[in-house]
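Here's the structure, in structure tokens; my notes come after.
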Amino acid sequence: KDLGLFMAYLRMIRKRKPDVVLTYTIKPNLYGGLACRIKKVPYLCNVTGLGTAIESGGLLSKILLRFYSVSMKGARRVFFQNMRNRDFMNKNGIALENNALLPGSGVNLTEHPLREYPAEEKNVRFLAVIRIMKDKGIEEYLEAARIVKKRYKNVKFHLVGEYEEETRALYEPQIEALAEEKIIKYYGHIDNVEEVMAKSHIIVHPSYHEGLSNVLLEAAACGRPVLASDVSGCVETFVDGESGFAFESKSTDALVGA
């Protein structure tokens, strides 16, 4: 499948004959960058995050880092979205000189305008917009919802995001059970996240690692306070104690406390 993607990039470059290529996110950076090197087309890379495979360490991480060093060697510029990611890649000999920092991918303020804060008389609504996977903090969010719901009857927990197929069998039964108990309202994948966010009071983002979180940027644009992991890629998006609270990642107790 990945070989097919790489060949598709080669065909696209041959057909379009671009003056320059901007690669963006993990596979386009790896395969698109390599395709550009082979075709001798100028290219720029945008590293939006390192991904679970690299963050987890081990043999696969070493292989991917070697792949990055090859695919990005000819890039005119490599953009990173937080200093931790840039320093990590530089430490591994990647993009040592031709790098720059970007403050995230940005938010279209026409599509994500400031919204009036909802009334709290009936309930307080928490919303997480995350892919359903361990590294996005789904386990901590589900457990925190269970705990807080027992203590406070006037809270509601909402969840937007799609399953990763390899872990769907693990998380789908848990989410369905919590939905039946009316602890969680699960939307699945939706295209109108902004509408759901506007009806929420607090955005929760318990991720283990990020490039720079689009969800938290959208929460800021909407005018919603956040509860977010104290990690690079999250803490840059809010003022702790003013527009949100940071909490220790991978900790249900810390999330519940926040």
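Some values worked out for this structure:
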quantity	calculated
Strands (runs of 3 or more DSSP E) fully within the stretch 16-133 counting 3 or more residues that are free of Cβ contacts under 8 Å to residues at least 24 places away in the same chain	99-101
Qualifying residue in the stretch 197-208 (condition: surrounded by fewer than 20 Cβ atoms within 10 Å (Cβ to Cβ), β-branched (Val, Ile, Thr) and out of contact with any Asp or Glu (no Cβ under 7 Å at 6 or more places or on another chain))	yes
The stretch 70-91: number of residues that are in contact with a Phe, Trp or Tyr (Cβ under 8 Å, 6 or more places away or on another chain) and over 20 Å from Lys40 (Cα atoms)	2
Members of the stretch 50-83 found to be surrounded by fewer than 22 Cβ atoms within 10 Å (Cβ to Cβ), on the phi < 0 side of the Ramachandran plot and small (Gly, Ala, Ser), listed by number	Ala53, Ser56, Ser61, Ser69, Gly74
Positions within the stretch 236-258 being among the hydrophobic types (A, V, I, L, M, F, W, C), open to solvent by 50 Å² or more (accessible area, probe 1.4 Å) and farther than 22 Å from Val160 by Cβ, in sequence order	Val239
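Residue-by-condition table, conditions (1) over 13 Å from Asn99 (Cα atoms); (2) at pLDDT below 95:
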position: Tyr31; (1), (2): yes, no
position: Leu50; (1), (2): yes, yes
position: Lys62; (1), (2): yes, yes
position: Gly74; (1), (2): no, yes
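The values are calculated or read from the model by the stated rules, or taken from the named source; none is laboratory data. Note that this is a predicted model, so its numbers are computed, not measured. Here the Cβ is made from the backbone with ideal geometry for all residues, glycine too, and neighbour counts use every protein chain on show. The accessibility values were calculated without ligands, DNA or RNA, using every heavy atom of the protein model including side chains. Shrake-Rupley method; radii C 1.70, N 1.55, O 1.52, S 1.80 Å.
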